[in-house]
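Colleague: Attaching a single structure in structure tokens format; questions to follow.
Quick note: the coordinates plus some simple rules give every number you see, no bench work behind them. Since the structure is predicted, the reported quantities are computational estimates derived from the model, not experimental observations. A quick note on method: Cβ atoms are made from the backbone with ideal geometry, for glycine too, and the neighbour counts reach across all protein chains shown.
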Amino acid sequence: MSALLIRYFKTRYGELLIGSFEDELCLCDWRYRRMRATVDARIQRGLRAGYEEGTSPVTEATMDQLKDYFSGERKVFDLPLRLVGTDFQQRVRKSLVAVPFGTTASYASLTAAVAAPTAIRAVASANGANTISIIVPCHRIIGSSGDLVGYAGGLRTKKELLELEGVFREDPDLFSIMSLS
């Protein structure tokens, strides 16, 4: 059985749990998120691998790229990803990666890009099950009215990440919302 190598990474936004499996990043999630045990069990089951504390070139590169992102020096991540989940969840996550730095998209536009309009709850659930936070930028998905809704790292962290990306310009209540469809 292969190991899923994990390590903890403290940031000013909160502590992340970073994990790699077979030279791919499969985990970059908030250590103290709600339902941590459920998320961990799901990813270990999906990879058929147990957690083992350790490091790898991928976890090191992830931390380096996150440091660059947090300091405002990086807008795009260049890491090999292992998206764990159903085909539908993976489709949603691939659409998340398409939301550029400094913009947001609504749950409705994310749904239009991957499924029928009636699947908005399924899309929101797949977004919430994302285990590669920041790099697969689920923090860029907001409500259609511009409200900040749902984020594993907490709404304060979501707002701070969007501020880091310059989403709040002259009017802090005004978002640049893009359409993914």
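Colleague: Just from its helices, what would the mean residue ellipticity at 222 nm be for the chain, if runs of 4 or more DSSP H residues each count -39500 (n - 2.57) and the sum is divided by every residue, rounded to the nearest 500 deg cm²/dmol? Numbers along the way, then the final one.
Modeller: On the way: 6 runs with 64 residues, N = 181.
My calculation for the chain gives -10500 deg cm²/dmol from helical runs alone.
Colleague: Whose amide H sits under 5 Å from the amide H of LEU81, counting only residues 5 or more places off or on another chain, with H placed in the peptide plane?
Modeller: LEU25
Colleague: Can I ask one more? As a footprinting exposure proxy, order MET35, MET63 by other Cβ within 10 Å, with the fewest listed first.
Modeller: Ordered from fewest to most neighbouring Cβ atoms within 10 Å, MET35, MET63 come out as MET35, MET63.
Colleague: Quick check: residue separation of VAL97 and ARG45 times 0.36 nm, minus the Cα distance between them. What number comes out in nm?
Modeller: On the way: separation 52, 0.36 × 52 = 18.72 nm, distance 2.40 nm.
Difference between extended and current length: 16.3 nm.
Colleague: Taking the highest mean first, how do the peptides 105-117, 19-31 order by number of other beta carbon atoms within 10 angstrom per residue?
Modeller: My ranking of the peptides, most packed first, is 19-31, 105-117.
Colleague: For the peptides 86-97, 144-155, what is the packing order when you average, over each peptide's residues, the other Cβ atoms within 10 Å and list the highest mean first?
Modeller: Answer by packing, highest mean first, reads 86-97, 144-155.
Colleague: So for the chain, averaging the separation of alpha carbon pairs under 8 Å that are six or more residues apart and normalising by length, what relative contact order in percent results?
Modeller: Relative CO of the chain lands at 23 percent.
Colleague: Sequence neighbours fewer than 8 away in the same chain don't count; with that in mind, list the lysines whose C-alpha is under 19 Å from LYS159.
Modeller: Those lysines meeting the cut-off are LYS10, LYS67, LYS75.
Colleague: Here is a further query. For the stretch 76-85, take each phi angle, set θ = phi - 60°, evaluate the Karplus expression 6.51 cos²θ - 1.76 cosθ + 1.60, and give the result in whole Hz per residue in order, putting x for glycine and proline.
Modeller: Ordered by residue, 3J(HN,Hα) equals 10, 9, 10, 9, x, 10, 10, 7, 9, x Hz.
Colleague: Suppose the chain between ALA122 and PHE88 were pulled fully straight at 0.36 nm per residue; how much longer would it get relative to their current alpha carbon spacing?
Modeller: Numbers: separation 34, 0.36 × 34 = 12.24 nm, distance 0.89 nm.
11.3 nm is the gain from fully extending ALA122 to PHE88.
Colleague: Which of the following values of Rg/Rh (Cα atoms, Kirkwood Rh) was calculated from the structure shown: (i) 0.95; (ii) 1.09; (iii) 0.93?
Modeller: (i)
Colleague: If each of LEU155 and GLU24 carries a label point 7 Å out from its Cα toward its Cβ, how far apart are those two points in nm?
Modeller: Calculated label separation equals 3.5 nm.
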